[in-house]
Amino acid sequence: MPIVAGIDLGGTAINYTFLDALGRPLIDGLCEYPAKAKEGPTVCLAQIAEGFTAALARVQYKSSDIAVIGLDTPGPASADGVLSARGSTNFVHADWKNFDIRAGLAQRLNKTVLYLNDANAAALWGHATIFGTGKAGSTSISAIIGTGLGGGVIIDGQILKGRKGFGGELGHVLLPYQSIRGIEGMKPECNCGRIGDLESLCSLTAIGKTFLPYFLARYPDHQLAGQELGKAAKLVRGLAERGDAMCREIFRVQAHALGLFFDEMVNTFDPDALLIGGGALETGKDFQDWFIAEIRSAMPKPREEQADILIQIMPNGDTAGARGAAAQALAHAKVHNLL
């Protein structure tokens with residue numbers, strides 16, 4: 001029986017998954033392969049194809065068994081997979097600018113390839129896990145915290161893509177960050193050039209670029225002092241989970257930034273659920289519960305009718321992107337009788 005594939009391309013890893021005709025994942029967890037996005041399109045596409053062959057072997061299927069492939073990448077990109085002329089956090093090589101990655105992969109693999117922004121793909125899977133596929137009337141907002149910050153808006157069970165495919169670029173929504181206590185004088189600058197958008201406060205890049213220089217000046221004897229900032233940033237989550245005061249403070253600020261952002265989304269969309277995903281929250285439940293409590297504490301008191309809005313960690317967070325891309329491929333395959 002034909003199946004569909006999902007490929008989640010990140011800055012450092014590619015994750016693959018496969019769904020059968022009933023939408024059941026054929027791989028339980030991660031199926032990763034190293035990414036080479038920073039080396040440009042030619043090298044990266046060859047790497048994706050190599051990893052795809054290895055993933056197929058793992059589930060004992062052949063390329064001819066694949067009906068459709070869903071691909072997701074970080075944005076910004078058009079709805080059809082043409083990367084932004086300004087590049088992105090992960091695709092810094094000059095040849096990526098205006099590159100049609102969907103068409104490039106389709107030609108490389110000789111398959112029909114559909115494209116989604118990675119956060120939209122994760123949002124689609126998370127929403128479907130909670131509310132079911134395409135359930136009318138259900139709305140959710142997802143914030144995916146990784147190297148950057150991606151977002152996804154699902155309205156009536158459908159992805160909001162927008163006029164040019166940039167719908168759901170929630171990382172670049174500006175926040176009244178000056179109201180967050182404990183960061184007086186901080187000037188959080190996003191790689192896109194904006195000051196005080198969500199990604200500038202809530203991402204791994206923000207930790208290395210802004211938070212560590214700011215807080216290490218206040219904690220000069222901290223164990224991360226003197227380390228290269230990029231490497232030190234990757235240690236902050238683990239230290240925060242173990243109760244380190246400075247690192248816990250960094251995550252408190254990030255949670256409060258999300259609280260301000262979610263308040264804006266509640267008053268814009270009146271959603272059924274607010275979801276948080278990405279590597280930043282791949283932690284134990286105690287830390288996740290603390291983080292969600294901090295988000296709620298930063299949100300202004302809601303209307304009585306909105307007090308019960310669900311705030312939840314993204315289901316299957318580490319595999320949600322690939323599964324969401326595969327789910328889109330499955331829907332396409334069903335419509336076109338490819339299964």
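Other residues with beta-carbon under 10 Å from the beta-carbon of residue 76 carry, at +1 per Lys or Arg and -1 per Asp or Glu, a net charge of +1.
Under a 5 Å amide H cut-off, with hydrogens placed 1.01 Å from N, residue 79 pairs with 165 among residues at least 5 apart or on other chains. Test of understanding: in a Gaussian network model of the chain with alpha carbons linked when under 10 Å, which of 70, 126, 226 would top the mean-square fluctuation ranking? Among 70, 126, 226, the largest mean-square fluctuation in the Gaussian network model of the chain belongs to 226.
With a 1.4 Å probe rolled over the protein heavy atoms of all chains, the accessible area of 96, 125, 290 falls in the order 290, 125, 96, largest first. Mean 1/r over all different Cα pairs, inverted: what Kirkwood radius does the range 85-195 give, in Å? For the range 85-195, the Kirkwood estimate is 16.2 Å.
Using heavy atoms of the protein chains and a probe of 1.4 Å, the accessible area assigned to residue 205 is about 40 Å². Take every pair of alpha-carbon atoms less than 8 Å apart whose residues are at least six positions apart; their mean separation over the length of the chain yields a relative contact order of 22 percent.
If the Kirkwood radius is taken over C-alpha pairs of the chain, then at 37 °C and 0.692 mPa s the Stokes-Einstein diffusion coefficient equals 161 µm²/s.
Other residues within the sphere of radius under 14 Å centred on the Cβ of residue 240, judged by their own Cβ, net out at -2 (K and R +1, D and E -1). Seen against the Cα atoms of the chain and their longest principal axis, helix 245-269 is set at about 60 degrees.
Projecting each Cα onto the charge dipole of the chain (Lys/Arg +1, Asp/Glu -1 at the beta carbon, about the Cα centre), which of 180, 12, 170 comes out farthest on the positive side? Going by the charge dipole, the pick is 12. Residues 80, 156, ordered by accessible area of protein heavy atoms at a 1.4 angstrom probe radius and largest first, appear as 80, 156. With Cα atoms defining each centre, the range 103-151 and the range 243-265 are spaced 25 Å apart in the structure. Charged side chains reduced to their Cβ positions (Lys and Arg at +1, Asp and Glu at -1) give the chain a dipole of some 580 debye around its Cα centre. Over all pairs of different C-alpha atoms in the range 240-321, the reciprocal of the mean inverse distance, the Kirkwood hydrodynamic radius, equals 13.4 Å. Taking other residues whose beta carbon is less than 15 angstrom from the beta carbon of residue 193, and scoring Lys, Arg as +1 and Asp, Glu as -1, yields 0. Here's the picture: charge each Lys and Arg Cβ at +1 and each Asp and Glu Cβ at -1 in the chain, and of 104, 276, 211 the one pushed furthest to the positive end of that dipole is 104.
Measuring against 22 Å, Cα to Cα, the residue pairs 36/234; 38/187; 97/161 contain 38/187 as the ones spanning a longer distance. DSSP assigns beta bridges within the chain; of those with both partners inside it, close to 55 percent run antiparallel.
The values are calculated or read from the model by the stated rules, or taken from the named source; none is laboratory data. Here the structure is a predicted model, which means the values were calculated and not measured. With ideal geometry, Cβ positions are generated from the backbone for all residues, glycine too; neighbour counts draw on all protein chains shown. What goes into the accessible areas is simple: the full protein's heavy atoms, side chains included, and nothing from ligands, DNA or RNA. Shrake-Rupley method; radii C 1.70, N 1.55, O 1.52, S 1.80 Å.
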